[in-house]
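Here's the structure we're looking at; comments come further down.
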Amino acid sequence: MTASFASNPHDSRGRLFEEPGSDFRSCFQRDRDRIIHSSAFRRLKHKTQVFVEHEGDYFRTRLTHSIEVAQVARTIAGALGLNQELVEAVSLAHDLGHPPFGHTGEEALDAEMKAYGGFDHNAQAIRIVTSLEQHYAQFDGLNLTWECLEGIAKHNGPVPLPHPPALRDYNRQHDLELHSYASAEAQVAALADDVAYNNHDLHDGLRAGVFSDAQAEQLPIVGPAYAAVDRLYNGLDVHRRRHEALRRVFGVMVDDVMRTSAALLAQSGAVTAQDIRDLDCAVVQFSPELWKDLKVIRGFLFQNMYRAPRVVVQREHAAKVVRDLFEVLMSNPSEMPGDWGEQIANLPDTQARARLVSDYIAGMTDRYAQQEYDRLFAAR
């Protein structure tokens, strides 16, 4: 049953460029389909989640992470009576703006762009879906609905000032009300992101051997899950035991979000989707108890996975690749290929050139960034 405060496609605020509707797809379904068919979505296949994608075929990439987030988000949205097509679209688009090499690449690119307004992957996602995807005859970008753009821009909550340049520039022509919370659907996408990466980072870390099952069993939520598996299935091999435990961890997190959020939504008194935006707090949340446990898990992952020696070595190399690419392309813009080189030659100032170089690097996959680095620096 659909809740009254769910986003209704028939009440959508529409698209920046008006288009006729579809006879068989809602506007949010069309948003989802456009995202899936975009070039930026395909490139997520070769972008790092934690481990650089060439390190193994079994580790998550940005693409598989985004699919997992969408699956979790649809489950939660269905339980809460929310619009599953909108929550899926926001989930699939939420990481489109990530540069190569995960958060390491983002930090390096942000440092290089400090003098030009910085770099933020959420703002870059908006730039991609409103400008950089250039396939349609009548407009640049994907011309997504206001509700989908709002969800991409502020699924993590109101955007603090000063707004990132990419977001500020678009907001001037299409106000996404960055000061307020987003729809309940966008909030679900944000929590589904937390559920997915906490679970799969545990899985990937164990598979990579940067920590052991015995270490993971000392964690809240995780330890009881292993114990439950051992009670039910004595003598399972290590991989089945691990999988059974982590799927229970997944279930605990999802169940907590659904129960906590259902209670918060009931208490909020919200009747419409706009009522959700007008509240001064998020209504899709973990319980305080589970949030406390998740902070312990995050601390463990930070120390034992994100700062593991093999990951640190890759991080240092990735940061150098991004920094050096930015600096050489700013100094030698003629090295940019094809249309990129033509565009940068016609730009009036350093600020605009830096933003274009940033767009170019942010769109690279891990392997393409490394290939360009090798090409540009081999002679040096």
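The values are calculated or read from the model by the stated rules, or taken from the named source; none is laboratory data. This is a predicted model, so every value here is computed, not measured. For neighbour counting, all protein chains shown are included, and Cβ atoms are generated from backbone atoms with ideal geometry for every residue, glycine included. Only protein heavy atoms, including side chains, enter the accessible area calculation; ligands, DNA and RNA are left aside. Shrake-Rupley method; radii C 1.70, N 1.55, O 1.52, S 1.80 Å.
Numbers for the structure displayed
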| item | result |
| --- | --- |
| Residue-averaged [θ]222 nm for the chain, counting only DSSP H segments that reach four residues, each worth -39500 (n - 2.57) | -19000 deg cm²/dmol |
| Residues listed by number, the range 317-332, amide nitrogen under 17 Å from E342 label point at 7 Å toward C-beta | none |
| Over 27 Å (Cα to Cα) - which of K292/K320; K45/K295; K295/K320; K114/K154; K154/K295; K114/K295 fall in this group | K292/K320; K45/K295; K295/K320; K114/K295 |
| Lys/Arg +1, Asp/Glu -1 at C-beta; the chain dipole; positive extreme among A3, G299, N171 | G299 |
| Exposure ranking of M1, M113 by accessible area [1.4 Å probe, largest first] | M1, M113 |
| Loop-resident sites, the range 127-230, for GluC sites (Glu not before Pro), counting at most 16 other Cβ within 10 Å (DSSP) | E177, E217 |
| Hydrodynamic radius by Kirkwood, which averages 1/r over all alpha carbon pairs of the range 239-326, in angstrom | 16.6 Å |
| Cα shape, the range 218-271, gyration tensor, a/c 1.5 rule | prolate |
| Net charge dipole size for the range 215-322 [Lys, Arg +1 and Asp, Glu -1 on Cβ; Debye, nearest 20] | 560 debye |
| Distance from the range 324-362 to the range 147-173 (C-alpha centre basis), Å | 24 Å |
| Cα gyration tensor, the chain - rounded (a/c under 1.5), prolate or oblate | oblate |
| For a label point 7 Å along the Cα-to-beta-carbon line of K320, residues of the range 354-371 with backbone N under 15 Å | 370-371 |
| Förster-model FRET efficiency, 51 Å R0, K114 and M1, C-beta, rounded to 0.05 | 0.55 |
| GNM flexibility winner over the chain from P160, P20, P288 (Cα, springs under 10 Å) | P20 |
| Charge tally in the Cβ shell below 9 Å around Y373, where Lys, Arg are +1 and Asp, Glu are -1, Y373 excluded | -1 |
| Simple Cβ-charge dipole of the range 1-140, Lys/Arg +1 and Asp/Glu -1, about Cα centre, in debye nearest 20 | 180 debye |
| Segment F139-H37, extension gain: residue separation times 0.36 nm, minus the distance between their alpha carbons | 35.1 nm |
| The range 40-153 shape via C-alpha gyration tensor axes, a/c threshold 1.5 | oblate |
| Furthest towards positive pole of dipole, S131, L202, V284, structure part the chain, Cβ charges | L202 |
| Choice from R277, R242, R13 with maximal GNM fluctuation in the chain (Cα, 10 Å cutoff) | R13 |
| Surface accessible to a 1.4 Å probe, K320 within the full protein complex, Å² | 90 Å² |
| Test item: Cα-centred dipole of the chain, Lys/Arg +1 and Asp/Glu -1 on Cβ, debye | 760 debye |
| GNM result for the chain, Cα springs below 10 Å: residue of R310, R43, R32 fluctuating most strongly | R310 |
